[in-house]
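So the structure is just underneath, and the comments pick up after that.
The values are calculated or read from the model by the stated rules, or taken from the named source; none is laboratory data. Treat the numbers as computed from the prediction; the structure is a model and nothing was measured. All Cβ positions, even for glycine, are placed from backbone atoms using ideal geometry, and neighbour counts span all protein chains on display. Protein only, heavy atoms only, side chains kept; ligands, DNA and RNA dropped before computing areas. Shrake-Rupley method; radii C 1.70, N 1.55, O 1.52, S 1.80 Å.
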Amino acid sequence: MARLGSWIKAQPEGIYVAPADAWIDPSQPKAKALITHGHADHARGGHGAVLATPETLAIMECRYGPQTGQGIAYDETIRLGDVDVRFVPAGHVLGSAQIVLEHKGERIVVSGDYKRRPDPTCPCFVPVPCDVFITEATFGLPVFRHPDTGSEIDRLLHRLHADPSRCVLVGAYALGKAQRIITELRARGHQEPIYFHGAIERLNQLYKSYGVELGELRHTGGASKAEMAGQIVIAPPGALNDRWSRRLPDPVTAMASGWMRIRQRARQRNVELPLIISDHADWDELTMTIRELAPSEVWITHGREEALKHWCMTHQIKACELNLVGYEDEDD
Ligand SMILES: [Zn+2]
Ligand SMILES: [Zn+2]
């Protein structure tokens, strides 16, 4: 009997689905690419044809210009060569999908990046039992346990209200995290205008066009220092220690990332208020997901593979690392 999943080839530049003649999240331009989500290390420009959810296609067009390809709605099944392909919510960012592949009675799920806790900007992860589960392991160490999101948002609001002469500047990745922080703030009752750095404007617009309510947003470009005192400003992480931030009224520097669990990372970015808010599964979510799906094998794409591989083995699940290149774990 052939090895499980022998029709899937893990190459350094991505996962090649041979009977569909298509690649998943390739780091090099390919004739046919299936894309799990819009983060730049998964969705590159220059492919011949792109198959992705309509939201992910829109994000790619926003970044790279017009794409040749096809938008595939969640749960719609298409036939590619000799493979049935379906996109299922991954709960990571707007449009993010797991790709479910079925061929000759085997089902393989490529999760892309995912998380299990609710996110107001995208549908929740849908568990699909499978023979092989291909997972990320960005936070694949037991030390990574993300706290409750609401309590992190409350810490942010508490700090904001403690000193109305200052603003709180929140560093958040431009795709996904920035919009999620805004919606989580709204869900916690924060109705004030939220100021944003120009680099996240287009993605804010895109989220709004897909029905994500962000409330009143204002560009920092047109605002005075006095106006921004006592307010929240959202900017990409790269802008935190940039000249740009001098226009803000004595900012308290915050950063929203799963990496804020590590004090060293917070210190490197001069972050005064680290907020542990992640768009990736933490250790408990990774292991809970594997338990729930009960696959025969787990293949690990990127992150801290060793501990998760060990965990699988102690739970009688075969596991291996795929050694793909080009994925970064900074997008959180
Ligand atoms: Zn991602
Ligand atoms: Zn990733």
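Of these, 116, 186, 180, which one is more than 16 Å from ligand 1 (Cβ to nearest atom) and not hydrophobic (A, V, I, L, M, F, W, C)?
Values: 116 fails: more than 16 Å from ligand 1 (Cβ to nearest atom); 180 fails: more than 16 Å from ligand 1 (Cβ to nearest atom).
After applying the criteria, what remains is 186.
For the range 66-98, give me each residue that is free of Cβ contacts under 8 Å to residues at least 12 places away in the same chain and not in a strand (DSSP E or B).
Narrowing the range 66-98 to residues free of Cβ contacts under 8 Å to residues at least 12 places away in the same chain: 66, 76-77, 79.
Across the range 66-98, the qualifying residues are 66, 76.
One residue stands out in the range 255-302 among those that are in contact with a His (Cβ under 9 Å, 6 or more places away or on another chain) and over 25 Å from residue 151 (Cβ atoms): the one that is farthest from ligand 1 (Cβ to nearest atom), namely 291. Scanning the range 15-33 for residues that are crowded, with 18+ Cβ neighbours inside 10 Å and out of contact with any Pro (no Cβ under 9 Å at 6 or more places or on another chain) yields a count of 9. Within the range 99-115, the residues that satisfy the criterion of being in a loop (DSSP other than H, G, I, E, B) and within 16 Å of ligand 2 (Cβ to nearest atom) are 111, 112, 113, 114, 115.
Evaluate the range 74-88: report whether one residue or more is modelled with pLDDT of 95 or more and buried (at least 24 other Cβ atoms within 10 Å of the Cβ). Yes, the range 74-88 contains at least one residue that is modelled with pLDDT of 95 or more and buried (at least 24 other Cβ atoms within 10 Å of the Cβ). Inside the range 259-295, residues that are within 12 Å of residue 172 (Cβ to Cβ) and within 16 Å of ligand 2 (Cβ to nearest atom) make up a count of 2. Just one of the numbered conditions (1) closer than 19 Å to residue 209 by Cβ; (2) in contact with a His (Cβ under 9 Å, 6 or more places away or on another chain); (3) of a type in the set (Lys, Arg) is not true of residue 63: (2).
Given the condition open to solvent by 10 Å² or more (accessible area, probe 1.4 Å), touching a helix residue (DSSP H, G or I) at 6+ places or on another chain (Cβ under 7 Å) and either in contact (Cβ under 8 Å) with a residue 40 or more places away in the chain or not β-branched (Val, Ile, Thr) (or both), answer yes or no: does some residue in the range 107-115 qualify? No - not one qualifying residue is present in the range 107-115. Scanning the range 301-332 for residues that are small (Gly, Ala, Ser) and within 15 Å of ligand 2 (Cβ to nearest atom) gives 303, 326.
Residues in the range 166-214 that are in contact with a strand residue (DSSP E or B) (Cβ under 7 Å, 6 or more places away or on another chain) and of a type in the set (Lys, Arg) were compared, and the one that is most open to solvent (accessible area, probe 1.4 Å) is 166.
The single condition among (1) over 25 Å from residue 276 (Cα atoms); (2) of a type in the set (A, V, I, L, M); (3) open to solvent by 30 Å² or more (accessible area, probe 1.4 Å); (4) away from ligand 2 (no atom under 13 Å from the Cβ) that residue 298 does not satisfy is (3).
Can you go through 133, 139 and tell me which one is open to solvent by less than 10 Å² (accessible area, probe 1.4 Å) and over 13 Å from the mean Cα position of the chain (by Cα)?
Details: 139 fails: over 13 Å from the mean Cα position of the chain (by Cα).
Exactly one of 133, 139 is open to solvent by less than 10 Å² (accessible area, probe 1.4 Å) and over 13 Å from the mean Cα position of the chain (by Cα), namely 133.
Filtering the range 301-318 to residues that are over 16 Å from residue 284 (Cα atoms), of a type in the set (Val, Ile, Thr) and either at pLDDT below 95 or part of a helix (DSSP H, G or I) (or both) leaves only 301. Residues in the range 319-332 that are within 16 Å of ligand 1 (Cβ to nearest atom) and either buried (at least 16 other Cβ atoms within 10 Å of the Cβ) or outside any loop (DSSP other than H, G, I, E, B) (or both): 5 in all. Pull up the range 31-65, narrow it to residues that are in a helix (DSSP H, G or I) and more than 22 Å from residue 91 (Cβ to Cβ), then point me to the one that is farthest from ligand 2 (Cβ to nearest atom). Among them, the one singled out is 61.
Here is a yes/no grid of residues against (1) farther than 24 Å from residue 16 by Cβ; (2) among the small types (Gly, Ala, Ser):
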| site | (1), (2) |
| --- | --- |
| 105 | no, yes |
| 109 | no, no |
| 124 | yes, no |
| 137 | no, yes |
| 147 | yes, no |
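Taken residue by residue, the range 154-163 has no member that is within 16 Å of ligand 1 (Cβ to nearest atom) and touching a residue at least 24 places away in the same chain (Cβ under 8 Å). Quick check on my filter: what residues within the range 241-265 are modelled with pLDDT of 95 or more, assigned to a loop (DSSP other than H, G, I, E, B) and in contact with a strand residue (DSSP E or B) (Cβ under 9 Å, 6 or more places away or on another chain)? Listed by number, the residues that qualify are 248, 251, 257.
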